[in-house]
């Protein structure tokens with residue numbers, strides 16, 4: 001067994017972690033868990049008490065949450081060149097945590113039909129303010145021809161932030177903004193992204 005084990009389901013945020021694993025290029029084993037009893041089994045709850053995927057186990061240590069997995073792998077495998085350089089760290093951590101915090105919350109709440117009261121007080125108390133504010137912030141990050149989260153170089157932050165934008169455009173959960181489509185397409189054409197998508201698509205349940 002590989003020293004890196006990936007627990008996932010092809011219909012989950014595990015697709016983000018898979019993409020990152022393919023970008024890293026290190027060997028890993030995949031364990032596909034089905035929703036329901038298997039994901040809530042005592043064996044898997046010992047790995048992730050939330051009973052959710054993705055999770056990785058690397059050298060006996062567990063990492064959960066897609067953003068954390070992306071960041072961890074970038075630093076665990078520095079030869080892949082996906083960790084930020086010193087002058088890239090501010091943007092790397094800012095936008096990684098923005099997408100995982102305010103971004104994820106805004107998109108999820110909107111998808112379930114939860115709307116904040118339309119008041120300055122409510123927007124101030126909620127970390128994300130509003131879904132439109134989140135979209136505007138991400139669009140501003142990409143303004144002025146910025147190719148990637150940290151500037152000109154692709155990093156692990158692009159895997160997570162880019163996946164959030166890609167999924168948002170695909171499923172209509174994130175308002176479109178200038179630059180989103182070009183950024184999403186640029187990332188989707190990366191060889192590692194194509195490999196990851198092919199692997200996960202092959203694991204999808206057969207229709208009919």
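Brief remarks on what is shown
- Residues in the stretch 148-169 reached by a label modelled at residue 185 [backbone nitrogen below 15 Å; 7 Å Cα→Cβ]: 166, 169
- Compared with the alpha-carbon gap, the fully stretched path from residue 79 to residue 34 is longer by 12.9 nm at 0.36 nm per residue.
- Contact order relative to length of the chain, as percent, for alpha carbon pairs under 8 angstrom and 6 or more apart: 23 percent
- The mean sequence separation of alpha-carbon pairs under 8 Å and at least six residues apart, normalised by the residue count of the stretch 75-137, gives a relative contact order of 28 percent.
- Centroid-to-centroid separation of the stretch 165-196 and the stretch 49-93 [C-alpha atoms, Å]: 20 Å
- Taking label points 7 Å from Cα along the Cα-to-Cβ direction, residue 50 and residue 132 give a separation of 3.0 nm.
- Between the helical axis of 66-76 and the longest alpha-carbon principal axis of the chain there is an angle of about 70 degrees.
- Relative protection proxy for 33-43, 12-22, from highest mean packing down: 12-22, 33-43 (other beta-carbon atoms within 10 angstrom).
- Its residue count N fixes a reference of 2.2 N^0.38 Å for the stretch 1-124, and the Cα radius of gyration divided by that reference is 1.22.
- When peptides 178-186, 53-61 are ranked by their average number of other Cβ atoms within 10 Å per residue, the highest-first order is 53-61, 178-186.
- For mean projected area of the Cα convex hull in nm², the value computed from the atomic coordinates appears in the list [x] 14.2; [y] 13.2; [z] 10.3 under label [y].
- Our estimate of slack between residue 204 and residue 26, defined as 0.36 nm per intervening residue step minus the Cα-Cα distance, is 61.7 nm.
None of the figures in this text is laboratory data; all of them are computed from the coordinates on show. Because the structure is predicted, anything quoted here is derived from the model rather than measured. Virtual Cβ from ideal backbone geometry, glycine too; neighbours counted across all protein chains shown.
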